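First up is the structure itself, then whatever we jot down about it.
All of the numbers you see were taken from the coordinates with simple rules; none came from a lab. Values in this document were obtained by computation on a predicted structure and should not be read as measured data. Methodologically, a virtual Cβ is constructed for each residue, glycine included, from the backbone with ideal geometry; neighbour enumeration extends over all protein chains shown.
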Amino acid sequence: MSTFTIHELMEILVVKAGLPRSAVTDDPSATLRDVDLDSLARLQLGVEIEDRYGVELDGAQADTPFGELVALVNEGLSEHAG
């Protein structure tokens, strides 16, 4: 089983939610709000994660740390694998 990483999260945010490459971070404590993305970006992220990985980011907010988002996706992936 592959593991979802913060780098994959950043790539989705760049491609689907308009995150400037200059704002890409590998800081797991950073949030969408920290990189100036709004609720629309959060919705776009959620749709893309669900489409690609079959995982819903229920409860994820603009202030949910990226590390927690990555953990939620990986948790969902392990549930699907099991």
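Modelled spin labels at Asp58 and Ser39, positioned 7 Å past Cα toward Cβ, are 2.0 nm from each other. Site pair Ser2 and His80 shows an inter-label distance of 1.1 nm when each label is modelled 7 Å from Cα along Cα→Cβ.
Normalised by the number of residues in the chain, what is the relative contact order in percent for Cα pairs under 8 Å and 6+ residues apart? The value is 35 percent.
Along the axis of the charge dipole computed for region 6-81 (Cβ charges of +1 for Lys and Arg, -1 for Asp and Glu, origin at the Cα centre), the listed residues Val73, Ser39, Pro28 are led at the positive end by Ser39.
Have a look at Asp58, Asp36, Asp26 and tell me which one the Gaussian network model of the chain (Cα, springs below 10 Å) gives the largest fluctuation. Judging by the Gaussian network model, the answer is Asp58. Compute log10 of I(q)/I(0) for the chain with the Debye formula, placing one identical point scatterer on every Cα and leaving out solvent, at q = 0.13, 0.15 Å⁻¹, to two decimals. Reported log10 I(q)/I(0), two decimals: -0.34, -0.45.
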